[in-house]
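Asks: Quick one: structure below, then a few questions.
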Amino acid sequence: MQNGNFVLQTLAYNHQVRILFVENTELLNDMCHPPSMHKLLKTAWGQTITSACLIIGTLKYNQRLSLKIKFSNARHKIFADVDSMGNVRGYLSDELVHITPDQLNHIHLKQIVGDKGSIHITKDLGMNSLFTGITDMPYRNIIDDLSHYYQQSEQTSTDFYSYIQFNENEEIVLSRGIMVQLLPGCPPHRIQQIKKELRTHQYILADKSNGLMEIPGKIFKDIEIVGSIPIQHFCGCSKEVLYPILHSLEKKDLKYAVMKAEPIELVCHICGSKYDFEPHEIAGLL
Ligand SMILES: [Zn+2]
């Protein structure tokens with residue numbers, strides 16, 4: 001399904017700066033559920049997934065990370081889960097998906113984030129060791145708030161960039177991102193210098209004819225590619241996982257389906273995969 005979506009790991013400025021690049025256009029299109037999601041939500045969700053994809057490049061063997069963006073309305077949330085193998089999944093809370101297009105047409109992301117937004121990151125370091133950090137969202141725009149998270153929670157200068165291009169049907173035609181992290185010993189002013197370089201060279205990132213592998217060398221003079229990680233959509237759902245939902249349906253609805261000899265279709269709310277439960281499987285629950 002995916003066509004060359006990956007994270008590129010590089011070291012720049014005399015190996016004092018770690019810069020990660022990601023291309024995830026097909027991944028986002030594959031994951032987007034429902035595909036008719038409003039452009040504003042697609043942007044917020046896409047930026048969250050792109051940032052999580054970039055963080056994959058910083059994970060060590062067998063580590064996992066969960067990123068949760070919680071907006072002022074506590075029911076409005078975006079989730080992304082990633083691991084060091086490049087597996088990615090992410091979704092929006094139902095309440096966020098159900099905001100009507102009419103409402104969304106008249107607001108900006110800043111208003112959805114509101115003044116009580118927060119970023120929650122849980123890192124599973126393996127061996128039952130979890131690290132959780134929470135920060136507020138003073139910038140109200142996800143990307144800069146994630147930079148703020150790293151500054152506050154991990155005391156590292158980190159910047160995120162997400163570039164998402166839509167066509168006239170509001171489908172994502174290009175999605176790329178960059179994460180810049182200063183390594184110990186790097187002069188702090190470097191982050192501003194890199195910010196300027198990236199602003200000047202944004203057209204390179206936005207040009208689809210530039211392959212991701214070529215982009216680092218086109219933007220920065222002193223940069224070395226040190227690794228790459230393929231990324232793929234992996235939900236982890238299965239028919240077994242959805243059985244409890246079938247169980248929670250009204251007994252009379254289950255009986256009705258058995259009587260009519262009709263299957264019941266359940267949809268995974270994370271990835272949209274459909275699972276059919278046949279009458280004999282439903283009868284087993286009665
Ligand atoms: Zn699923």
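The values are calculated or read from the model by the stated rules, or taken from the named source; none is laboratory data. Bear in mind the structure is a predicted one, so any value in this text is a computation, not a measurement. Positions of Cβ are generated from backbone atoms using ideal geometry, with glycine treated the same way; all protein chains shown enter the neighbour counts. The area values use the complete protein model at the heavy-atom level, side chains included, leaving out ligands, DNA and RNA. Shrake-Rupley method; radii C 1.70, N 1.55, O 1.52, S 1.80 Å.
Asks: Using DSSP to call loops (not H, G, I, E or B), can you name the trypsin sites (Lys or Arg not before Pro) in the stretch 218-286 whose Cβ has at most 11 other Cβ atoms within 10 angstrom?
Replies: Numbers: sites: Lys218, Lys221, Lys239, Lys251, Lys252, Lys255, Lys260, Lys274; in loops: Lys221, Lys260.
Sites meeting the loop and neighbour criteria: Lys221, Lys260.
Asks: Give, rounded to the nearest 20 debye, the magnitude of the charge dipole that the stretch 203-242 has about its Cα centre when Lys and Arg contribute +1 at Cβ and Asp and Glu contribute -1 at Cβ.
Replies: In total the dipole reaches around 120 debye.
Asks: Given points 7 Å out from each Cα along the Cα-Cβ axis, report the Tyr243 to Lys196 separation in nanometres with one decimal.
Replies: Rounded to a tenth, the inter-label distance reads 6.2 nm.
Asks: Would you mind checking which residues have amide H under 5 Å from His76's amide H? H placed 1.01 Å from N; only 5 or more apart, or other chain.
Replies: Phe71
Asks: On a 0 to 90° scale, report how tilted helix 39-56 is relative to the longest principal axis of the chain, with both axes built from alpha carbons and the result rounded to the nearest 10.
Replies: Once rounded, one gets 70 degrees.
Asks: Quick one: if you stick a label point 7 Å off each Cα along the C-beta vector at Arg75 and Lys110, how many nm between them?
Replies: Placing both labels 7 Å along Cα→Cβ, they lie 2.6 nm apart.
Asks: Another question, then. Heavy atoms only, probe 1.4 Å: what % of the accessible area of the stretch 6-233 goes to carbon and sulfur, would you let me know? Present the calculation step by step, with values, prior to reporting the outcome.
Replies: Working: 5240 of 10770 Å².
On the stretch 6-233, the fraction of accessible area on carbon and sulfur atoms equals 49 percent.
Asks: Which one, Asn24, Asn87, Asn105, has the greatest fluctuation when you compute a Gaussian network model over the chain with C-alpha springs under 10 angstrom?
Replies: Looking only at Asn24, Asn87, Asn105, the biggest GNM fluctuation is shown by Asn105.
Asks: Report, ordered by chain and residue number, the lysines lying within cross-link reach of Lys251, taken as a straight Cα distance under 16 Å and ignoring same-chain residues fewer than 8 apart.
Replies: Here the lysines satisfying the reach criterion relative to Lys251 are Lys260.
Asks: Using a Cα-Cα cut-off of under 12 Å, which aspartates and glutamates could be cross-linked to Lys274, ignoring same-chain neighbours fewer than 8 residues away?
Replies: Straight-line reach from Lys274, under 12 Å: Glu265.
Asks: May I pose another question? Please list, or write none, the aspartates and glutamates whose alpha carbon is within less than 16 Å of the alpha carbon of Lys221, excluding same-chain residues fewer than 8 places away.
Replies: Within reach: Glu197.
Asks: Right, next: For the stretch 17-29, take each phi angle, set θ = phi - 60°, evaluate the Karplus expression 6.51 cos²θ - 1.76 cosθ + 1.60, and give the result in whole Hz per residue in order, putting x for glycine and proline.
Replies: Listing the rounded values in order: 10, 9, 10, 10, 10, 9, 10, 9, 4, 5, 4, 5, 5 Hz.
Asks: What translational diffusion coefficient, to the nearest whole µm²/s, does the stretch 239-283 have by Stokes-Einstein, given a Kirkwood radius computed over alpha-carbon pairs, a temperature of 10 °C and 1.306 mPa s viscosity? Walk me through the numbers before you get to the answer.
Replies: On the way: Rh = 10.7 Å.
D = 148 µm²/s.
Asks: What does the accessible area per residue of the chain come to in Å², with a 1.4 Å probe and no ligands, DNA or RNA counted?
Replies: 51
Asks: Give the relative contact order (percent, whole number) for the stretch 175-266; include only Cα pairs under 8 Å separated by 6+ residues.
Replies: Taking the mean separation of contacting Cα pairs over the length of the stretch 175-266, I get 15 percent.
Asks: Would the stretch 151-216 count as rounded, prolate or oblate if I go by the C-alpha gyration tensor, calling it rounded below 1.5 in a/c and otherwise prolate when a/b exceeds b/c, oblate otherwise?
Replies: Because a/c hits 1.5 or more and a/b exceeds b/c, the stretch 151-216 counts as prolate.
Asks: Starting from the Kirkwood radius over alpha-carbon pairs of the chain, derive D by Stokes-Einstein at 37 °C in a medium of 0.692 mPa s and give it in µm² s⁻¹.
Replies: 160
Asks: Accessible area of Ile112, 1.4 Å probe, to the nearest 10 Å²?
Replies: 20
Asks: Next question, about the same structure. Step by step: find N for the stretch 1-130, compute 2.2 N^0.38 Å, then divide the Cα radius of gyration by it. What's the final number?
Replies: Output field value: 1.14.
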